[in-house]
1. Over the range 56-122, with a single point scatterer placed on each C-alpha, what log10 of the ratio I(q)/I(0) does the Debye formula yield at q = 0.13, 0.17, 0.25 1/Å?
2. Going by amide H atoms built from the backbone, whose H comes under 5 Å of the H on residue 142, apart from near neighbours?
3. Sticking with the crude label model, points 7 Å out along Cα→Cβ, report the distance from residue 89 to residue 76 in nm, one decimal please.
4. Neighbour counts of other C-beta atoms within 10 Å: give me 169, 105, 132 arranged from fewest to most.
5. Mind listing the long-range amide H neighbours of residue 90? Cut-off is under 5 Å, sequence gap 5 or more, other chains count too, H placed in the peptide plane at 1.01 Å from N.
6. I need the phi-derived Karplus couplings for the range 141-147: 6.51 cos²θ - 1.76 cosθ + 1.60, θ = phi - 60°, integer Hz, Gly and Pro marked x.
7. Between beta-carbons, use under 14 Å as the cut-off and find the net charge around residue 174, counting Lys and Arg +1, Asp and Glu -1.
8. Can you give me the distance in nm between label points at residue 69 and residue 105, each placed 7 Å from the Cα along the Cα-to-Cβ direction?
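What follows draws every value from the coordinates through simple rules; no lab data is involved. All figures in this text were calculated on a predicted structure; none of them were measured in a lab. Here the Cβ is made from the backbone with ideal geometry for all residues, glycine too, and neighbour counts use every protein chain on show.
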Amino acid sequence: MSDSARRWLRVLGAIPVYAQLSVRGALVPRFQPSRPVVVARAVVLAEDGLLLAVRSDLQGWELPGGTLEAGEAPEAALHREVREETGLELAVERHVGDYRATGFWPHLARVYRCRVLGGRLRRSVEHRKLAWFDPEALPETLFPWFAAPIADALVAEGSPVERQEHHGWREIAQGMRIDLRMRIEGEGGFGVKPREGS
């Protein structure tokens, strides 16, 4: 199969992803319980840099982590999700902050600065790519809503911050644009310069 045909297949693969996300975005605000969805995210820093991941559905670089299960503490969810997604065991250095998103898929992201304790970096079914980046040279295809948590985590010390942002049509369009760039370019996406050994 030619490179052009493979590129078009990757782009066509976005259609069911966008349809599923549109349904979720339309239904979640209407049927959301009184308590918001909570996700735990890790800013993993090591000698190799900052760890980022690309999901298998909506493609763009993001922080590893995921949704808390019923009755699960945020740090327990963080350890479970990162272990499942990356194969790494982490030590939490500090709670960076809470990031509340309104609009499309309302949720609360609790973000932690972490360091690697052990394990071996490996991809999962949920993430198609993992790579280490220089924190001062992040990829252009990083989803923009991860910029503030990363910047806050790079500050050596500090009390947890609380931030709120609205995800409307502009943010949806930004996410789709990044996803399409990743699909057209292939595995790496435009502007991706991971560190050696990733």
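1. -0.40, -0.68, -1.29
2. It is 61, by chain and number.
3. The answer from the label model is 1.9 nm.
4. On the way: 169 9, 105 15, 132 20.
Starting with the residue having the fewest Cβ neighbours, the order is 169, 105, 132.
5. Correct list: 117.
6. 9, 6, 4, x, 6, 9, 5
7. Numbers: positive: 170, 177, 181; negative: 62, 140, 165, 171, 179.
Net charge in that neighbourhood comes out at -2.
8. Calculated label separation equals 2.1 nm.
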